[in-house]
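The structure appears below as structure tokens.
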Amino acid sequence: MLSFPVSSHRILHSLYGQPHMQLRIELLGTFRAAVDGRDIPAEDWRRARRVVLVKLLALANGHRLRREQAMDALWPDMPVVAASANLRKARA
């Protein structure tokens with residue numbers, strides 16, 4: 001199976017279309033994220049999976065995970081094919 005890194009910048013690029021942005025994430029209390037000082041409204045996240053993935057990436061060393069690491073952390077008991085589909089949906 002091929003693997004590729006999943007990064008928070010890739011997700012944010014899909015939301016905002018800019019390759020280099022300053023990102024601020026608040027994990028304690030209510031989850032909040034801002035790009036270049038502008039808060040990301042909850043409705044922009046579209047999927048709860050996306051929020052969970054960004055939280056996981058925020059805590060990961062270098063803010064990057066291998067695809068398999070993300071799938072195992074988020075859906076440990078799910079078959080690989082189903083977890084892979086969930087990850088694609090979270091990134092979309």
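The values are calculated or read from the model by the stated rules, or taken from the named source; none is laboratory data. Keep in mind it's a predicted model, so treat the numbers as computed, not measured. Virtual Cβ from ideal backbone geometry, glycine too; neighbours counted across all protein chains shown.
So that you can scan it fast, the table gives a plain yes or no per residue for (1) of a type in the set (Ser, Thr, Tyr); (2) surrounded by 17 or more Cβ atoms within 10 Å (Cβ to Cβ); (3) at negative phi; (4) without any contact (Cβ under 8 Å) to a residue 12 or more places away in the chain:
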residue: Ile40; (1), (2), (3), (4): no, yes, yes, no
residue: Arg64; (1), (2), (3), (4): no, no, yes, no
residue: Val81; (1), (2), (3), (4): no, no, yes, yes
residue: Ala85; (1), (2), (3), (4): no, no, yes, yes
What helices (runs of 4 or more DSSP H), lying completely within the stretch 1-79, carry at least 1 residues that are closer than 16 Å to Lys89 by Cα and at pLDDT 85 or above? 48-59, 67-74
